[in-house]
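The values are calculated or read from the model by the stated rules, or taken from the named source; none is laboratory data. Given the structure is predicted, the values throughout are model-derived calculations rather than measurements. Note that we place each Cβ from the backbone using ideal geometry, even for glycine, and neighbour counts take in every protein chain shown.
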There are 2 protein chains.
Amino acid sequence: MRVYLAGPDVFLPDPHGRGAALKTICARHGLAGVFPLDTPDHIPEAWRALPLPQFIALCNESHIRSCDALIANLTPFRGPSADVGTVFEIGFMRALGRPVFGWSNTAADFFTRTRMEVGATPDGPDRWRDRSGMLLEDFGLTDNLMIDSAMLASGGGLFTADVAAPWDDLSVFETCVAAVGGRLEIERKGKQALLF
Amino acid sequence: MRVYLAGPDVFLPDPHGRGAALKTICARHGLAGVFPLDTPDHIPEAWRALPLPQFIALCNESHIRSCDALIANLTPFRGPSADVGTVFEIGFMRALGRPVFGWSNTAADFFTRTRMEVGATPDGPDRWRDRSGMLLEDFGLTDNLMIDSAMLASGGGLFTADVAAPWDDLSVFETCVAAVGGRLEIERKGKQALLF
């Protein structure tokens, strides 16, 4: 089972080392992890002429299409929300109808994080606005409702916990991977059962 | 031609007024704007039992699937990047293979904004890292490369300019809408030409 490993992990000081570490954990649970920096099996010749960012983007889209599920690192990145590149990829996989899983090394909910990071003033009961007058989402979710709901609606899942070193610790990731492995194994057995 | 109007505009103090204003501009250019707060034509009975955030998310996904194109408000939201709910929807529409357009009321590129907002220190030639050691993207793009590239690869487009009131001014939006209207009109004529 191929699983795309979405996340801002590509921006870490040693992204290849990180990719290898994530894949080792995937393998432990019967999954083949696909990291954004991997070279796709097939690259159309025409892509070689593209500017680097477009080439990278098309490779990542191709990786996602080649995978059975997506696991996203939702640890807040430069603000209260997950990295937008990661979120783009979650939306992409959601539209393909395949399961999307998320993990975050922060347990505080989205509303709490937003209020802490950008500040908020009350505007009626249970309504808070930031300095630009923009409403804060207050549903007790992990991030914007499109993200949390995609995990639920796709039959995926969400795993969060506070850790001491949010960009190093992979224990929450492994909890997530174990769940994905279990879930995809059930599907595989179900399909086998249909065959016999 | 139906166009989904993705953006953090739903968080403004008068979201329904904003939706109406966006739709008026769309109509001026021959487009039917679909705003996230609109009620979908068909809502499955089972959705009524869902918690509100999941219900909203499924309605938005349904809206996107019903549209011919997507126009995203990419004006930076609570950080250097666009609103993550908007970015999720861009990824969703990109996977459907339909054109995605974006507009932003900020002209500064993603690298410049990120460096200004989170700070950055040099790490070799043309490489900058934030305080967590995470690399900054430096491609001169409007936002994360997945977002800019989706606009290009889908045959959409990107429109940015600095304006005095980023959450009020709709002139950049109208420039974008005019381009979408023209583009979809060309497609319509092309399809008609194939019929005769």
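Worth pointing out:
- Residues in the stretch B:146-196 that are of a type in the set (D, E) and not in a helix (DSSP H, G or I) were compared, and the one that is nearest to A:G133 (Cα to Cα) is B:D168.
- Just one of the listed residues (B:S149, B:S132, B:S171) is surrounded by fewer than 17 Cβ atoms within 10 Å (Cβ to Cβ), under 19 Å from A:T86 (Cα atoms) and of a type in the set (S, T, N, Q), and it is B:S132.
- Criterion violated by A:S149 - all others in (1) touching a residue at least 12 places away in the same chain (Cβ under 8 Å); (2) under 14 Å from the mean Cα position of the chain (by Cα); (3) within 10 Å of chain B (Cβ to nearest Cβ); (4) under 14 Å from A:F101 (Cβ atoms) satisfied: (1)
- Within the stretch B:88-111, residues that are within 7 Å of chain A (Cβ to nearest Cβ) reach partners that are of a type in the set (S, T, N, Q) with beta carbons closer than 8 Å, at six or more positions or on different chains, in the pairs B:F88/A:N144; B:E89/B:N60; B:R94/B:S154.
- Residue among A:V34, A:V3, A:V10 that is within 11 Å of another protein chain (Cβ to nearest Cβ), crowded, with 19+ Cβ neighbours inside 10 Å and either over 24 Å from A:R94 (Cβ atoms) or in contact with a Leu (Cβ under 8 Å, 6 or more places away or on another chain) (or both): A:V10
- Of all residues in the stretch B:119-145, those satisfying the criterion of being within 9 Å of chain A (Cβ to nearest Cβ) and part of a strand (DSSP E or B) are B:R129, B:L135.
- In the stretch A:125-146, the residues that are under 18 Å from the mean Cα position of the chain (by Cα) and acidic (D, E): A:D143
- Index of the failed condition, A:A21 passing every other in (1) farther than 16 Å from A:A69 by Cβ; (2) of a type outside the set (D, E, K, R); (3) part of a loop (DSSP other than H, G, I, E, B); (4) away from chain B (no Cβ under 13 Å): (3)
- Positions within the stretch A:70-87 being small (G, A, S), facing chain B (nearest Cβ under 7 Å) and under 11 Å from the mean Cα position of the chain (by Cα), in sequence order: A:A82, A:G85
- Candidate set: the stretch B:152-165, residues that are buried (at least 16 other Cβ atoms within 10 Å of the Cβ) and not small (G, A, S); chosen: the one nearest to the other protein chains (Cβ to nearest Cβ): B:L152
- Note on the stretch B:65-103: residues that are buried (at least 24 other Cβ atoms within 10 Å of the Cβ) and in a helix (DSSP H, G or I) total 11.
- Residue within the stretch A:107-118 that is closer than 19 Å to B:F88 by Cβ, at pLDDT 95 or above and part of a strand (DSSP E or B) present: no
- Taken as a whole, the condition of being at the interface with chain B (Cβ under 10 Å from one of its Cβ atoms), in contact with a Leu (Cβ under 6 Å, 6 or more places away or on another chain), within 23 Å of A:M146 (Cβ to Cβ) and part of a loop (DSSP other than H, G, I, E, B) does not apply to A:A57.
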